[in-house]
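> The following block contains the structure, expressed as structure tokens.
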């Protein structure tokens, strides 16, 4: 009897989140457009009152537009940063209400949180049309919600593990140089992270951005990805 119960629970988990999560990642790889000289910088987990302004200053210095996937509750706390993102030409997407793992959320909770997050973004004058799930973990409920709101899911091609508390700016810069190629969606973080991790992300970008620009790369927001 226990074997059947565990089997049923495993099948439910497989259908609810595992298949949507890893199926989505596979589809992203299969649909990736031909490489070109465009890079798509994206930032998760903000806005942060200390680090996001520093990052925006750095991007403005080089005239770079990026995509910010914001946590709705943080966005509600710092509406001025959302307004600045929009004013400076960045894309503002959604990164959930409170950064909960979609694999661990019940359908009712996932739907309620998604609706509240979408409402917050609407009230801020920044309705989201692009959504990135925390850790890239989807579930059937969150997918149904995002499509009902006319949003598109967004994943990534490159990470540099910049959220870790034991990494250095030099290590982040090295990973970015080694892993990035034309057409890449690069996932970094301007909020959360351990031991002031976003500060090291910004330091790494100060090092890497001039080299990317000298190499002929241009930057764009994810709404132009594949166009």
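Values in this text are rule-based calculations from the coordinates and carry no lab data. These figures come from a predicted structure and were not determined experimentally. With ideal geometry, Cβ positions are generated from the backbone for all residues, glycine too; neighbour counts draw on all protein chains shown.
> Could you list 62, 16, 51 in order of exposure, starting from the residue whose Cβ has the fewest other Cβ atoms within 10 Å?
The fewest-first ordering by Cβ neighbours comes to 62, 16, 51.
> Right, next: According to a simple spin-label model (label point 7 Å from Cα along Cα-to-Cβ), what is the distance in nm between residue 148 and residue 86?
Using points 7 Å along Cα→Cβ, the separation is 2.4 nm.
> Let me ask something additional. Given (i) 2.28; (ii) 1.04; (iii) 0.91, which label gives Cα Rg over 2.2 N^0.38 Å as computed from the coordinates?
(ii)
> Next up: Given R₀ = 22 Å, what would the calculated FRET efficiency be for residue 214 paired with residue 181, taking r from the Cβ atoms and rounding to 0.05? Show your work: numbers first, answer last.
On the way: r = 16 Å, r/R0 = 0.72.
Between residue 214 and residue 181 the formula returns 0.90.
> Which order results if 148, 184, 96 are arranged by neighbouring Cβ count within 10 Å, fewest first? Each step should come with its number before you reach the end.
Values: 148 12, 184 19, 96 25.
Ranking 148, 184, 96 by Cβ neighbours within 10 Å, fewest first, gives 148, 184, 96.
> Could you grab the relative contact order for the range 2-224? Cα pairs under 8 Å, six or more apart, rounded to a whole percent. Before the final figure, lay out the partial values.
Values: 388 pairs, mean separation 64.2, N = 223.
It comes to 29 percent, rounded to a whole number.
> Using a Förster distance of 22 angstrom, determine the FRET efficiency expected from the C-beta separation of residue 161 and residue 60, and round it to 0.05.
On the way: r = 26 Å, r/R0 = 1.19.
Once the sixth-power term is evaluated, E becomes 0.25.
> Something else now. Given the DSSP H assignment, sum -39500 (n - 2.57) over each helix run of at least 4 residues in the chain and divide by its residue total; what's the result at 222 nm in deg cm²/dmol, nearest 500? Mind showing how you got there, number by number?
Details: 9 runs with 106 residues, N = 227.
Helices in the chain give a 222 nm mean residue ellipticity of -14500 deg cm²/dmol.
> Mind giving me the nanometre distance, one decimal, between the label points for residue 196 and residue 22, set 7 Å out from Cα along Cα→Cβ?
Placing both labels 7 Å beyond Cα along the Cβ direction yields 4.0 nm.
> Can you figure out the FRET efficiency of residue 207 with residue 108, using R₀ = 45 Å and their beta-carbon distance, to the nearest 0.05?
Numbers: r = 46 Å, r/R0 = 1.01.
Result of the calculation: an efficiency of 0.50.
> So, in Å, what gap is there between the alpha-carbon centers of the range 169-227 and the range 50-116?
Here the answer is 17 Å between Cα centres.
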